[in-house]
Every structure is written in structure tokens, then in C-alpha cells.
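*Asks:* Can you read through this structure? Questions will come right after.
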Amino acid sequence: MSYFVINMEQPGVEVRQLAQMNGHASFNEVFMTDAVVSRDDLVGAVGSGWQCAMTTLANERRSFDRARDVGTRKGRQGKIFTDLEEEFAVANAPYTWYPQRAGRVDLVMRRAMDTGAINDPAQRQDIARLHILAECAKWTGERAKAAAKAGKPRGPEGSLGKLAASNVARLAARVHTAISGNEALLTGDNSPMQGIIAEVLVSTPAISIAGGTDEIQKNIIAERVMGLPKEPRFDEGPFRDVRRNSGPTSAGQDREL
């Protein structure tokens, strides 16, 4: 397996947007028909595609425990910073819903105070649990960032951060639902916070899928952090020859059922 960079606008490559249940279209399905890639576009060595892919995913998963916060860029004056903000606005346009997929923990206390949910002991417990989980995930991300600054190679901490982000998002969605009640199902002007809460509920499932599902992250953590044995594979060893009904058989043989 080898790893290539391919021109997505070249002949033979068709990109179709996928509509999401939150109304956005930030993902695509890609069809390649007789597309050609140059040898010069090879990343790494021939046959090292798996290692390149794993490195790419490790870096992608690290992004799940980083908020898309532009606060650190505000207040800077000058044309270069103005142009930079315009470029960021264009680049981030498809991702305006990303803060919602993370659960919007930052809005929980405000909503609890505005609705009176803060006076409910059971809801206070859930709110506290959510903030504790979010802070733990934040510091796990900081630890990974410190390791990267120290020159250490990317490891399974990306999977730890990714799984933590999924847990935070799911709990945040439940807390927001408990606080808003039936109003969480409304959209438009009647929805709490101009639809943000409703968007949280339909966006948070994405974080458990994109970049590798929670199940994949758990396998990586189990094998690479905890040292547990890998699950049995059916493409190698004695299982490779197990007969199965995966498709038409060779001529002269009945199809296996």
C-alpha cells in the first residue's frame, strides 16, 4: 500500500457533497474513474502507505480536543491581519457547526442560570460531572501538546483525546436536553439560543464517527496503551482459509450459503 496526494480537480475525480441532518454539507463522497496520479505525488516510500495513513489520522484526531477559538486572534490591527481573518472566514465556512458538535459546554451554565435548572440538585450533579469531564479532556490535550513540543512522536494520545471529546459531547447533549426540555426540539426563532441548542443535539453524533469511531479508538487504546491482545483477524493465520459467502465462487462450485 502506498500513499499519494491527488489533485481533486483533475479529470476522473468526482466529488459529491453529503447532506447532514443538521442542514450542513461538510463531507463528501468521492468517485474516481480512470484517475491518474503522478509518481511525484508519492508521500514517503513505496509500500509505506499504512504508516503514512496512521500518522495522518493521529494528527487529525488531535484536532478533536482543540476548540476552534478565534479569540486569540482578535484585536490585532493591520491589513495583514484583516486579510488573514477574511481567509479564515472562507476556510471555516463549512465548519460553522463544529462548536456545536463538541457539545457547547461553554453555554451550559448560562442556560442553567437562565432557565432555573441550576436549582435542581440532580441537574447540578450532571452539570458538575460535565465540567469535570471537559476539564480532564482539556488537560489530556495539553499533555499531548507538551509531548509534541518536546519532540516526541505522535502516539495513541490522539485516540485518548478523540474518545474524551466524544464522551464530553454526548454528555453535553444530554445536559442541554435536560435543561431545555421540549424546547430543545424546536428550530428557528422558537429554538433556544436561535437554534444553537437544537443544532447541538443533531451535530454531536458526528464526533463519535468522524476521524475514526469510538470503537476504533477503544481498540487502539486497549492495544497500544493497555497492552491488551489484538482481536482475532480473519485475513491472516488459520482464519484466512475459512469459507464464507462473500460473493460468487469460482466456476464449477456452488455458492456458499
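The values are calculated or read from the model by the stated rules, or taken from the named source; none is laboratory data. Note that this is a predicted model, so its numbers are computed, not measured. All Cβ positions, even for glycine, are placed from backbone atoms using ideal geometry, and neighbour counts span all protein chains on display.
*Asks:* With the requirement that a residue be more than 30 Å from Ile196 (Cα to Cα) and of a type in the set (A, V, I, L, M), what does segment 1-29 give you?
*Replies:* Residues satisfying the conditions are Met1, Val5, Ile6, Met8, Val13.
*Asks:* Let me ask something else about it. Across segment 74-101, what is the number of residues that are in a helix (DSSP H, G or I) and of a type in the set (S, T, N, Q)?
*Replies:* Number satisfying all stated conditions: 3.
*Asks:* Does at least one position in segment 192-212 carry a residue that is more than 26 Å from the chain's Cα centre (by Cα) and in a helix (DSSP H, G or I)?
*Replies:* no
*Asks:* How many of the residues in segment 44-77 are over 17 Å from Gly161 (Cα atoms) and at pLDDT 80 or above?
*Replies:* Summing the residues that are over 17 Å from Gly161 (Cα atoms) and at pLDDT 80 or above in segment 44-77 gives 10.
*Asks:* Name every residue in segment 184-220 that is within 19 Å of Ala112 (Cβ to Cβ), in contact (Cβ under 8 Å) with a residue 24 or more places away in the chain and not hydroxyl-bearing (Ser, Thr, Tyr), in order of residue number.
*Replies:* Pro192, Met193, Ile196, Ile197, Glu199, Val200, Leu201
*Asks:* I'm trying to understand the selection: among the residues of segment 115-143, which are of a type in the set (Gly, Ala, Ser) and crowded, with 19+ Cβ neighbours inside 10 Å?
*Replies:* Ala117, Ala134, Ala137, Gly141 - these are the residues of segment 115-143 that are of a type in the set (Gly, Ala, Ser) and crowded, with 19+ Cβ neighbours inside 10 Å.
*Asks:* Would you please name the residue that is farthest from Ala102 (Cα to Cα), looking only at residues in segment 141-169 that are charged (D, E, K, R) and more than 13 Å from the chain's Cα centre (by Cα)?
*Replies:* Lys152
*Asks:* So which residues in segment 102-114 are buried (at least 17 other Cβ atoms within 10 Å of the Cβ) and in a helix (DSSP H, G or I)?
*Replies:* Matches in segment 102-114: Val105, Leu107, Val108, Arg111, Ala112.
*Asks:* Restricting attention to segment 106-140, and to residues there that are among the small types (Gly, Ala, Ser) and more than 21 Å from the chain's Cα centre (by Cα), which single residue is farthest from Val168 (Cα to Cα)?
*Replies:* Ranking the candidates gives Gly116 first.
*Asks:* Hey, another quick one. Among (1) within 14 Å of Ala178 (Cβ to Cβ); (2) assigned to a helix (DSSP H, G or I); (3) not charged (D, E, K, R), there is one condition Cys136 misses while meeting the rest; what is its number?
*Replies:* Of everything listed in (1) within 14 Å of Ala178 (Cβ to Cβ); (2) assigned to a helix (DSSP H, G or I); (3) not charged (D, E, K, R), Cys136 misses just condition (1).
*Asks:* Restricting the search to segment 15-41, which residues are touching a Phe, Trp or Tyr at 6+ places or on another chain (Cβ under 6 Å) and either part of a helix (DSSP H, G or I) or over 22 Å from Ala93 (Cβ atoms) (or both)?
*Replies:* Within segment 15-41, Val37, Asp41 meet the criteria.
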